[in-house]
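Here is the structure we will look at, set down as structure tokens.
The values are calculated or read from the model by the stated rules, or taken from the named source; none is laboratory data. All figures in this text were calculated on a predicted structure; none of them were measured in a lab. Cβ: placed from backbone, ideal geometry, glycine included. Neighbour counts: every protein chain shown. These accessible areas exclude ligands, DNA and RNA; they are computed on the full protein's heavy atoms, side chains included. Shrake-Rupley method; radii C 1.70, N 1.55, O 1.52, S 1.80 Å.
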Amino acid sequence: MKSVKFLLPLLLLCAVLFCGCTGKEEKKIDEVVKRELDLLKHLDSDTTQKYISYQEIFPGDLEDAAMSSDVEEVFSLFFQDFDYKILDTSVNRDKAIAKVSLRLFTLDARALAEDFSKALLKHEIALAASDDTEDDQTVTLEDRYMLLNQLLSSNKYQTVERNCSITLTASEKNEETIWEIKRTTTLENDLVGGLMNYLSDPDILSPEDTLLVYLDTLKNMSTEELANYLNADSIVSTEDPNKISLANALVEQVHNIFNYSIGETSVSGYHASVKADITTFDSEAILNSYQSQLDDYLSSTDAVIDGAQKRYNKSYQLLIDSIKENKEEKTVTTTFTLINDGASWKLEDAGSVFGQALFGTLSSSPVEDSEEDS
């Protein structure tokens, strides 16, 4: 009995000493985590680069570029409302490993990734509509960060909560235990609110959202951009100035009338079809007007006197006038096919697909080629 009474205080003392040592070690570990994450809160660029490499946000872009001020600005904007709360700390002294559970407060990375994917697609469409065909139309890593910068500068994103854990490893130095955060891809992704995963999600934009970006971008293009994107000159082929004037008149009609609404969507694996009601000029009304004026001209003595080349030019002028004077519209239901290539949904051969939908029966010239005078 006396032995038991003697052992109880000893066991209690050991328990207190053990808890005290463990608590001291946990506090030391917490301080390491706080020191590092506080630097992120204070927008320390060196710490940001230590945990989130600017190249790993977009792992497919392997450019070996120096850290620019624009990239630094992106991380500063991203982490301006960053915060955290330590929930629990556990230590395995035998394995020299510790784990700290956290609740992170970051901006809504999913919403940012959706906006970025739309902005990137719009940028790619704009490149395709550019006059300068000599420039490399590849989207660079710098381009991507510029888009992120624009979004973070102009939009206000909600703050969301996310639980994560940080692993630390211990090493001995001068008889002192040094704890160091273990950098992992999972930790990088958690610190940016899951942005890395969201950006690599091939379904971050649905097929209908993808088509909406195409349609909205086309609707807001200038006539010059629209002509380039739809490759209008090729619609009527050759370098004939009459045909180029015809193409320009058609693009102007599209630019003034084009509208759309999205309909039913069906998805099967990596393929999707999206129906859309496309409003454009009434090509049949234009052709009827043209044919009536052409018949009147061809039955006149002027047509006989003019000869083949003048008749050819006159025919084109009548068609161009019919296009410019047209006020008739029509809405046609068009089915667009999209393919998911593992990175995102894409509309294959978009320029030609939209060209056929928007130009209808006027996708080729109804005017016969010129004949030489006999």
Peptide ranges 326-334, 171-179 listed from the most packed, as the mean C-beta count within 10 angstrom indicates: 326-334, 171-179
Chain lengthening between SER364 and VAL332 when straightened (0.36 nm per residue, less Cα-Cα): 9.7 nm
Euclidean distance of C-alpha centroids, the stretch 177-228 and the stretch 92-118, integer Å: 17
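What whole-number value in Å² describes the accessible area per residue of the stretch 260-357 for a 1.4 Å probe?
Value for the stretch 260-357: 55 Å² per residue.
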Descending semi-axes in whole angstrom, ellipsoid equivalent of the stretch 171-299, from the Cα gyration tensor: 57, 18, 11
Order of exposure, largest accessible area first, which applies to HIS42, HIS123 with probe 1.4 Å: HIS42, HIS123
Rounded accessible area of LYS219 (nearest 10 Å², 1.4 Å probe): 90
Within straight-line cross-link reach of LYS34, lysines at Cα separation under 17 Å, skipping those fewer than 8 residues along the same chain: LYS24, LYS50, LYS85, LYS99, LYS182
Isotropically averaged projected area of the stretch 86-161, using the convex hull of Cα atoms (one quarter of hull area), nm²: 8.2
THR184 accessible area, 1.4 Å probe, all protein chains in place, Å² to nearest 10: 50
Solvent accessible area, Å² - ASP216, 1.4 Å probe, full protein context: 70
Local net charge near VAL353, Cβ-Cβ under 15 Å (Lys/Arg +1, Asp/Glu -1): 0
Relative contact order (%) - criterion: Cα under 8 Å, at least six apart; region: the stretch 270-374: 46
Cβ-Cβ FRET estimate between ASP321 and ASN220, R0 fixed at 35 Å, reported to 0.05: 0.80
Carbon + sulfur, % of accessible area of the stretch 237-374 - ligands and nucleic acids excluded, 1.4 Å: 45
Inter-label distance for VAL267 and THR186, nm, one decimal - labels placed 7 Å from Cα along Cα-to-Cβ: 2.7
Accessible surface of the stretch 144-185, 1.4 Å probe, proportion on carbon and sulfur as whole %: 42
Spin-label model distance (nm) - ARG103 vs ILE178, 7 Å beyond Cα toward Cβ: 3.4
Sites ASN288 and LYS27, calculated FRET efficiency, Cβ-Cβ separation with R0 56 Å, nearest 0.05: 0.05
